Ligand code: TYM
């Protein structure tokens, strides 16, 4: 990466919070704790919150056309069920605001090939046969930069795995501002990677991230799992034979124990130290049932509300339509300014 981002931001516009989740299937506990719960926490922070369903990003890998719309509604349902309020936050589908694709094209001409070549997520997702991956998967982080900068977002709450994409966004913003002689036009957005669960790990392997692409369903808790499934998965979660330690430092080298303690902390709005103050010295035989109970208690209302919303999607569609309109107003204004800076023709 270049060191353009070390330039202090000259941006003086208002604070705006923005994030998105891909419309590519089931949500899991990692998405909930690393993203959804964080969005809701930021909703009362005094800056507007924009959350969208990243359906343009979803199609960088194959999505069944007859399922994509339901997947989009499902993410929107998760936003609403987690506590995002369409009267206070702007909730919309990315593809309903064409400016995302428009700005992404311009950013494709700002970003350098060398920057994208360093993106680890493309390497992971394209696997051994990168020549068979879509071109969209390669330029995925450029579209993400467009998502963020269209709204001149200053803060982007995400899980730890999005850090590199945020660095690229800052590089694109800085290069655009320099190339087009527009200091402070785009902010250099800050990633907000906070809380005890920025990287929730698999329940089967403390070294692997909890992910929707893991072939083992036992590795993750889905937002659609019922109480019995959640309890069974936590009880079967891999652990070591030791009791829980008294201090956070002593979790070093115990990835599975650290993961379960972090999950507990995030669900209970506590720090890992507080969790260990209560459970230190106890074995997993005591800790796991307490964690399972807490997880069921936290997730059951969200799951139930998602089911209610999905059963009659009119409420979801109303929120998305309203959000799309609000988002488009801001996005179109940014694109008009960008086109001017780039030197495109416009109607006299
Ligand atoms: P996606 O859909 O893969 O994930 C959505 C959010 O969930 C977080 N997350 C996790 N957090 C903690 N532990 C985990 N195991 C875990 N797995 C996923 C992700 O970090 C993310 O915050 N590229 C984004 C979507 C996106 C976006 C954007 C985000 C598109 N444009 C603009 C922010 C701003 C993604 O892949 O999310």
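Each value in this text was obtained by applying a stated rule to the coordinates, not by laboratory testing. Quick caveat: nothing in here was measured; it's all calculated off a predicted structure. Here the Cβ is made from the backbone with ideal geometry for all residues, glycine too, and neighbour counts use every protein chain on show.
Looking at the chain only, what percent of DSSP beta bridges run antiparallel? Nearest 5 please.
Beta bridges within the chain, antiparallel portion: roughly 10 percent.
Kirkwood hydrodynamic radius for segment 281-348: how many Å is it when counted over pairs of different Cα atoms?
Radius from the Kirkwood sum: 16.9 Å.
Translational diffusion coefficient, Stokes-Einstein: compute it for segment 74-135 using the Kirkwood radius over C-alpha pairs as Rh, at 20 °C and 1.002 mPa s, and state it as an integer in µm² s⁻¹.
Here the translational diffusion coefficient equals 143 µm²/s.
Once each part is reduced to its C-alpha centroid, what is the distance from segment 99-128 to segment 256-286 in angstrom?
If you average the Cα positions of each part, the centres end up 38 Å apart.
If neighbour count is taken as other Cβ atoms inside 10 Å, put 345, 115, 105 in order from fewest to most.
Listed from fewest to most nearby Cβ atoms, that is 345, 105, 115.
Pull out a ≥ b ≥ c, the square roots of the eigenvalues of the alpha-carbon gyration tensor of segment 212-348, then state rounded if a/c is under 1.5, prolate if not and a/b is larger than b/c, and oblate in the remaining case.
prolate
What are the extents of the Cα atoms of segment 117-191 along their three principal axes, in Å, largest first?
Principal axes ranked by extent give 41, 27, 18 Å for the Cα atoms.
Quick one: grab the alpha carbon gyration tensor of segment 148-267, order the square roots of its eigenvalues as a ≥ b ≥ c, and give me rounded if a/c is under 1.5, else prolate or oblate depending on whether a/b is larger than b/c.
Verdict is prolate for segment 148-267.
Using the Kirkwood formula on the Cα atoms of the chain, what hydrodynamic radius do you get, in angstrom to one decimal?
Hydrodynamic radius (Kirkwood, Cα only) of the chain equals 21.3 Å.
With a ≥ b ≥ c the root eigenvalues of the C-alpha gyration tensor of segment 1-138, is it rounded (a/c under 1.5), prolate (a/b larger than b/c) or oblate?
Oblate is the answer for segment 1-138, as a/c is 1.5 or above yet b/c matches or exceeds a/b.
For segment 87-215, what does the convex hull of the Cα positions come to per residue, in cubic angstrom?
For segment 87-215, the hull spanned by Cα atoms encloses 153 Å³ per residue.
Could you work out the relative contact order of the chain? I mean the mean sequence separation of Cα pairs under 8 Å and 6+ apart, divided by the number of residues, in percent.
That works out to 24 percent.
Can you divide the C-alpha Rg of segment 6-65 by 2.2 N^0.38 Å and report the result to two decimal places?
So segment 6-65 has a normalised radius of gyration of 1.43.
From the helices alone, meaning DSSP H stretches of at least four residues, give me the mean residue ellipticity at 222 nm for the chain, per-run term -39500 (n - 2.57), in deg cm²/dmol to the nearest 500.
-15500 deg cm²/dmol
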